[in-house]
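Structure record follows, encoded as structure tokens.
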Amino acid sequence: MIPSDNVYTNTPGTNQMNVMIDRMACVSCGACWNTCPELFDQNPCDSFSQIVEQYRFNGDRAVGIVPDCLLCCTEEASDLCLEHIIHIA
């Protein structure tokens, strides 16, 4: 379940857009968190990209739910990712 403080209550696999990051393949280029900082940020411990806490699914740093208002910047971040590790479904 999505934490109750998150207004997006759909789960991956529903009509809501979902995002996944292959964090271990991240080269920390910053394309995603510079393009869409509302959804992505850099983990201070390992320097890899992660989903901001507000939009994580089950607390998973690599899986999140994309609100409609962030879909455009999420798609742009995915397109700009050097390693093509950001997947939107």
(request) Could you grab me the full set of residues in region 41-78 that are aromatic (F, W, Y) and without any contact (Cβ under 8 Å) to a residue 40 or more places away in the chain? (result) F48
(message) Please verify whether V66 is under 10 Å from the mean Cα position of the chain (by Cα), hydrophobic (A, V, I, L, M, F, W, C) and modelled with pLDDT of 95 or more, treating the condition exactly as stated.
(response) yes
(message) I need a count of the residues in region 23-48 that are in a loop (DSSP other than H, G, I, E, B), under 10 Å from the mean Cα position of the chain (by Cα) and within 12 Å of S78 (Cα to Cα).
(response) 2
(request) Scan region 53-72 for residues that are acidic (D, E) and part of a helix (DSSP H, G or I) and jot them down. (result) E53, D68
(request) Collect the residues in region 8-63 that are surrounded by 13 or more Cβ atoms within 10 Å (Cβ to Cβ), at pLDDT below 95 and either over 15 Å from A89 (Cα atoms) or of a type in the set (D, E, K, R) (or both), keeping them in residue-number order. (result) Y8
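The values are calculated or read from the model by the stated rules, or taken from the named source; none is laboratory data. These numbers were taken from a predicted model, which means no experiment stands behind them. Note that we place each Cβ from the backbone using ideal geometry, even for glycine, and neighbour counts take in every protein chain shown.
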